[in-house]
Amino acid sequence: AQTVTQSQPEMSVQEAETVTLSCTYDTSESDYYLFWYKQPPSRQMILVIRQEAYKQQNATENRFSVNFQKAAKSFSLKISDSQLGDAAMYFCAYRKVGGGATNKLIFGTGTLLAVQP
Amino acid sequence: NAGVMQNPRHLVRRRGQEARLRCSPVKGHSHVYWYRQLPEEGLKFMVYLQKENIIDESGMPKERFSAEFPKEGPSILRIQQVVRGDSAAYFCASSPWDRPLNTEAFFGQGTRLTVV
C-alpha cells in the first residue's frame with residue numbers, strides 16, 4: 001500500500017526567508033501524481049503545487065517550488081520569500097494513476113508552518 | 001462560479017443520534033469524494049461516488065456509515081448512531097467527469113462534527 005510521510009510536525013520561518021518542508025512516500029507504481037495542499041485556519045484545502053512523476057522537471061508556482069527525487073521517493077516543498085499568509089498546515093499527498101485507479105488521494109500527517117514577522 | 005459547498009459547517013450531535021452531512025460539488029462536476037480528518041491527523045479517504053453509483057468505498061467503516069450521490073441534489077454522508085470517536089472534520093471534494101484521473105480535486109471547507 002502507498003504511504004506518505006511528513007517527518008516535521010512543525011516548522012518556523014522568518015518573514016521573507018526561505019523554508020523547506022519534507023515529504024517522502026512509498027509506492028511500487030511508476031506513474032503517479034504528488035501534491036502539496038495548504039490548510040489555513042479556515043480549514044479550506046488549497047492546492048499549492050502538483051508534480052507528475054513522469055516529468056523530470058521540478059514544478060514551480062510563483063514562490064513555491066518542489067524538489068522531486070523519484071529514485072529517493074522524496075518530494076519537498078520550498079517556499080521562498082515567506083509571507084505571513086503562508087502560515088498554515090501543509091499536507092503532502094499522493095495519487096496513483098492508470099489501471100482503473102480513482103482520484104483517491106493519500107495524505108501525510110501534515111507540517112504546521114509558522115511565519116514570524 | 002461557486003466551489004464545493006458543504007453544510008453545515010459545524011454540527012453537534014449527541015451520542016446515538018444521526019448525522020447528515022451535505023456536499024454540493026462544483027457545477028458540472030460528477031465525481032465526489034469524502035475524506036475524514038481526525039484531530040492532529042491528515043485527511044483519510046472514505047468513499048468515491050459518481051452520480052447514483054458508489055465507485056470505491058474502501059475507506060468507509062463497515063457499520064453506521066453510508067454515502068449517496070443522487071441524480072439530483074447534493075451528495076450526503078450519513079452517520080447513524082454517532083459515537084464520540086466520530087468527532088472529526090469531514091471534507092468533500094469534487095472533480096469533473098471528463099478527466100477524473102488527471103485533474104485535481106476541489107475541496108469544500110469541511111463539516112466539523114462534534115459528538116457530545
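The numbers here are math on the coordinates, done by the rules we state, and not lab data. Note that the structure is predicted; figures quoted are calculated from it, not measured. Note that we place each Cβ from the backbone using ideal geometry, even for glycine, and neighbour counts take in every protein chain shown.
Things worth noting here:
- Structural size metrics of the stretch B:9-55, computed from C-alpha coordinates, are Rg and Dmax of 13.1, 37 Å.
- Projected-area average for the stretch A:48-113 over all orientations - Cα convex hull basis, square nanometres: 5.3 nm²
- Packing-based exposure ordering (other Cβ within 10 Å, fewest first) of B:M60, A:M45, B:M46: B:M60, B:M46, A:M45
- Two-decimal Rg/Rh across the stretch B:3-116, once Rg and the Kirkwood Rh are taken from alpha-carbon atoms: 0.95
- Kirkwood estimate for the protein assembly as shown, i.e. one over the average of 1/r between Cα atoms, Å: 18.3 Å
- Estimated FRET transfer efficiency when R0 is 30 angstrom, pair A:E15-B:K71 (beta carbons, to 0.05): 0.05
- Evaluating 6.51 cos²θ - 1.76 cosθ + 1.60 at θ = phi - 60° for every residue in the stretch A:78-85, the Karplus couplings come out as 10, 10, 9, 6, 3, 10, 4, x Hz, glycine and proline recorded as x.
- Which of B:K44, A:K38, B:K27, B:K71 has the fewest Cβ neighbours within 10 Å, and the rest in rising order: B:K71, B:K27, B:K44, A:K38
- The separation of the stretch A:22-76 from the stretch B:48-75, counted between C-alpha centres, amounts to 28 Å.
- In this structure the amide hydrogen of B:S87, modeled in the peptide plane, comes within under 5 Å of the amide hydrogens of B:V115, none closer than 5 places in sequence on its chain.
- Fraction of the pair-distance distribution of chain A above 20 Å, Cα-Cα pairs, percent: 38 percent
- Charge dipole (Cα centre; +1 on Lys/Arg Cβ, -1 on Asp/Glu Cβ; no other charges) of the protein assembly as shown amounts to roughly 700 debye.
- Ordered by the count of other Cβ atoms within 10 Å of each Cβ, fewest first, A:I79, A:I46 give A:I46, A:I79.
- Each residue of the stretch B:16-30 was assigned a 3J(HN,Hα) from its phi angle through the Karplus expression (A = 6.51, B = -1.76, C = 1.60, θ = phi - 60°), giving x, 7, 9, 10, 10, 10, 10, 9, 9, x, 4, 4, x, 7, 10 Hz with x at Gly and Pro.
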